[in-house]
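First the structure, in the form of structure tokens, and then the observations on it.
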Amino acid sequence: MVRAHFDKLWRFMRRLGLRHDEVDDALQEVIVIAAHRLRDIQTGSEQAFLFSTAYRVAARSRKRHANRRELPDEAMSEVADPGLDPEEASERARARALVDQLLSDMPIELRAVFVLYEIEEHTMAEIAAMLDLPPGTVASRLRRARADFESRVERSHGREAADAKTGSTP
């Protein structure tokens, strides 16, 4: 059960703001919880159980570490595609770092829905089941998350334009 969803769970928890070194411990906690509750997990709802548990574990972990400053993590980068030239690989790494930065301050309840829908490409119905939320709540959070993300992108572009005018670099 866990093996089938491990990679997606790892990415999900990482995108929820856990540092690379925290994700393994948090995933271990998810696995222990699943092992203890194995009899309670209904056939066909394994993914929903794992992701809702991962969401709660990540939220608790973020609360415990609320005073720390989240730093970009090169470990999030994808395995290098041999077909990419170095410039393209560098541009992709910058784009991933920017997305991570833009997501870093988004409230976790919005961030979870945004990541699952926009990055992991789950449907709203799947997200509702995974996070044990009413479909209307998922839709509302996704709308708010998109608006929040777009606002952050606009502010980021405004800072880049200001830096370019003054000749400073971020």
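The values are calculated or read from the model by the stated rules, or taken from the named source; none is laboratory data. In this text, all values refer to a predicted model and were calculated from it rather than measured experimentally. Backbone-built Cβ (ideal geometry, glycine too); neighbour counts: all protein chains shown. Accessible surface areas use protein heavy atoms only, side chains included; no ligands, DNA or RNA. Shrake-Rupley method; radii C 1.70, N 1.55, O 1.52, S 1.80 Å.
Does R39 qualify as being modelled with pLDDT of 90 or more, open to solvent by 70 Å² or more (accessible area, probe 1.4 Å) and not in a loop (DSSP other than H, G, I, E, B)?
Details: modelled with pLDDT of 90 or more: yes; open to solvent by 70 Å² or more (accessible area, probe 1.4 Å): yes; not in a loop (DSSP other than H, G, I, E, B): yes.
Answer is yes for this residue.
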Where E120 falls short, out of the listed (1) acidic (D, E); (2) open to solvent by less than 40 Å² (accessible area, probe 1.4 Å); (3) touching a Leu at 6+ places or on another chain (Cβ under 8 Å)
(3)
Just to be sure I understand, how many residues within the stretch 144-167 are β-branched (V, I, T) and modelled with pLDDT of 85 or more?
1
Which numbered condition R60 misses (of (1) open to solvent by less than 10 Å² (accessible area, probe 1.4 Å); (2) at pLDDT below 90)
(1)
Kindly indicate the residue of the stretch 85-112 that is in a helix (DSSP H, G or I) and over 17 Å from R152 (Cα atoms) and also most open to solvent (accessible area, probe 1.4 Å) among those meeting that condition.
E87
Hits in the stretch 127-144 - residues which are assigned to a helix (DSSP H, G or I) and in contact (Cβ under 8 Å) with a residue 60 or more places away in the chain:
A129, M130, L131
